[in-house]
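Notes to accompany the following structure.
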Amino acid sequence: MLWSGHGRSRELVATTPEDRPLSVQIFSGRTEDLIRAAVWLQEQGYEGVDINMGCPMAKVNGSGGGARLMCSTDNAVRMVEQLIGAVRIPVTVKMRLGWDATTQTAPELAAAFEQIGVAAVTIHGRTRAQGFHGSVNRDGIRQVVQAVRSMPVIANGDVRTVDDAFQMLQDTGCAGVAIGRGAMLDPWIFRRIRQRVQADAETGEGADTDPSPDEQMQFLEQHFELMQQQHAERSCVLFRKFAAWYGCTLGIPEDLEDRLRRFESAAEFARIVNEIRRRHGERARQVPTALLKVPNGPVEHW
């Protein structure tokens, strides 16, 4: 859809000048589709392209895309090699440990990808069969790290806190950590990690600080304002999906969280925000223990 100029696809890759460098993830079970999308992204000035080999959704897997690509290592390597030959920008791959516990092909694929010029791989520490259930297998990620010589391996999965991030680095030996749902739950997690790194370097002691209540509320308001700029009249409906995340992150009282799920105008949003400010502290934050919503696919419809 990208190369056809489909409005929905173009909207998904829209960004700001500050959001650079930027790589866009694409998915398909057809080599020609991936190449056409990657070439289009290159022509539009994006700095990289990432191939989705990790999506566990049946619709994507049924067409040969996502985690299904991990079932045939020869085909996956051939597909990625052809894509690398078609573009000048870096190509990365995100994948899982494998299709299921008996076919964990990630180490083999990572080693092969390094040989053909893949710039980096990101490993989600579950199999396709697990979906988002169970715990991440850090030993499985470590095996991928050990399978390559110098290609960066980025670890992903179950990183909700700064401690989680540093434990992932320690347990796997990975080059970095990719944070998805954890960042939705705690938008300040990257700042916290940076603070911890700086504190460790300067004093040898870890330290990271919580954003103030005012900063948290300003973030909430700015988020909605930016969505209004991007989506206009659809912004109210689209913002509702973040209600549960903010409820856990900011400790929003449950009745106000429910109103965030249903508001229909900017004026109503402003009234809810004022009430949240007034009642701050009534509900404890739940970042480390919150039940995280899982996505319904690479492009989720709410």
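Just so you know, all these numbers are worked out from the coordinates, no wet-lab data involved. Bear in mind that the values here come from a model prediction, so they are computed numbers and not experimental data. Quick reminder, even Gly has a Cβ in these numbers, built from the backbone with ideal geometry, and neighbours come from all protein chains shown.
Would you please state which residues of region 236-251 a label at Phe219 would reach in this model, taking the label point 7 Å out along Cα→Cβ and a backbone N cut-off of under 20 Å? Answer for this model: 239-251. Extending 7 Å from the Cα toward the beta-carbon at both Ser63 and Arg278 defines two label points whose distance is 4.9 nm. Take every Cα pair under 8 Å whose residues are at least 6 apart in sequence, average their separation, divide by the length of the chain, and the relative contact order is 11 percent. Expressed as a fraction of 2.2 N^0.38 Å, the C-alpha radius of gyration for region 221-262 is 1.14. Looking at the P(r) of the chain, how many percent of alpha-carbon pairs lie beyond 38 Å? More than 38 Å apart: 18 percent of the Cα pairs in the chain. Relative to the longest principal axis of the chain, what angle (0 to 90°, nearest 10) does the C-alpha long axis of helix 162-172 take? The answer is roughly 10 degrees. Principal-axis analysis of the Cα atoms of the chain puts helix 31-43 at an angle of about 60° to the longest axis. When the convex hull of its Cα atoms is viewed from all sides, region 7-66 shows a mean projected area of 4.4 nm². Three principal axis extents of region 7-186 based on alpha-carbon atoms, in descending order, are 39, 38, 33 Å.
Adding -39500 (n - 2.57) for every DSSP H run of four residues or longer, then dividing by how many residues the chain holds, sets the calculated 222 nm ellipticity at -14000 deg cm²/dmol.
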